[in-house]
Amino acid sequence: MPLNIPGLLAPFQLLWNPRIILPHVIVTDIRQLNFLALRKTGYRGAVFDKDNCLTIPYKDTLVPELQDSWAECREVFGESNVLIAESVSHHLSVPVLHHGSPKPAYRCISAIRAYFSSLPNPIQDHELVVVGDRIFTDVVMANRMKRRVTCTTGEADKIPPIRDREKGPLAVWTNGVWQKESMVMRWIERWLVDVVARRTNSKRELSDLKEVFTKSSPQPEVRQGKIPLIMKQCWSLLHKK
Ligand SMILES: [Mg+2]
């Protein structure tokens, strides 16, 4: 697997912009996402990560438990409006973006924008939902897509009412894993999100958005991932009042 330099450099952006790692919505897996609510709020397209979000890492087939949600997503948004940003080919019934640069590289972002702009009914960044299981690639990429958009009269009402809504996509973090992978890094990501959410008073916003855009799913079988014992102890020490 090639080294993901943009992903490795992403943590440094935390130094001057800690909110770059904050998702808008946190779910265990996509079964908890309410695609109809997203569509009704104004989101018209979605970009999905593949490994440990839709499939077992490095496999091409959808995790069977996600069949219904994935079908619902494609039906709600339309298959051409759902993109998988991945550098390998597979068969998930939606277009695949074969980007040369890994997430969260700006070149990958440009490729995503080029795809959605090329649609017969073009989709802008703030009408997208970006879904992925990794903070420093998927969530950072979604937040890097924020930019100011000029609203003409009457358009402002159509923009989804969320933080920085006028600037970029909705970042959805699926923090469950279908197969253990990079568990230490995942623990660090979870810890950082928690710290930044508390320091920036974003906890309330996270729970408000969760209420709007999620639904209860059948008991998720996706694992949260076992956290090494030493890290559990660190976590409880850090959260001791
Ligand atoms: Mg992934």
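Bear in mind that the values in this text are calculations on the coordinates, not laboratory data. The structure displayed is predicted, hence computed values, not measured ones. Methodologically, a virtual Cβ is constructed for each residue, glycine included, from the backbone with ideal geometry; neighbour enumeration extends over all protein chains shown.
Miscellaneous remarks
- Leu33 long-range amide H proximity, modeled H, under 5 Å: Lys215
- Entries in Lys59/Lys146; Lys103/Lys180; Lys59/Lys203; Lys146/Lys203; Lys146/Lys180; Lys50/Lys203 that, when Cα-Cα distance is taken, lie over 25 Å: Lys59/Lys146; Lys59/Lys203; Lys146/Lys180; Lys50/Lys203
- In region 32-86, chymotrypsin sites (Phe, Trp or Tyr not before Pro) in a DSSP loop with at most 14 other beta-carbon atoms within 10 Å: Tyr58
- Neighbour counts of other Cβ atoms within 10 Å put Leu92, Leu9, Leu22 in the fewest-to-most order Leu9, Leu92, Leu22.
- For Leu83, the residues whose modelled amide H falls within less than 5 Å of its own, excluding neighbours fewer than 5 places apart on the same chain, are Ala46, Val47, Phe48.
- In order along region 110-125, phi translates into HN-Hα couplings of 4, 5, 5, 4, 4, 4, 5, 6, 7, 5, x, 10, x, 10, 8, 3 Hz, rounded to whole numbers, per the Karplus curve 6.51 cos²θ - 1.76 cosθ + 1.60 with θ = phi - 60° and x for Gly and Pro.
- Here the gap between Met185 and Lys203, fully extended at 0.36 nm per residue and compared with their Cα-Cα distance, gives a gain of 4.3 nm.
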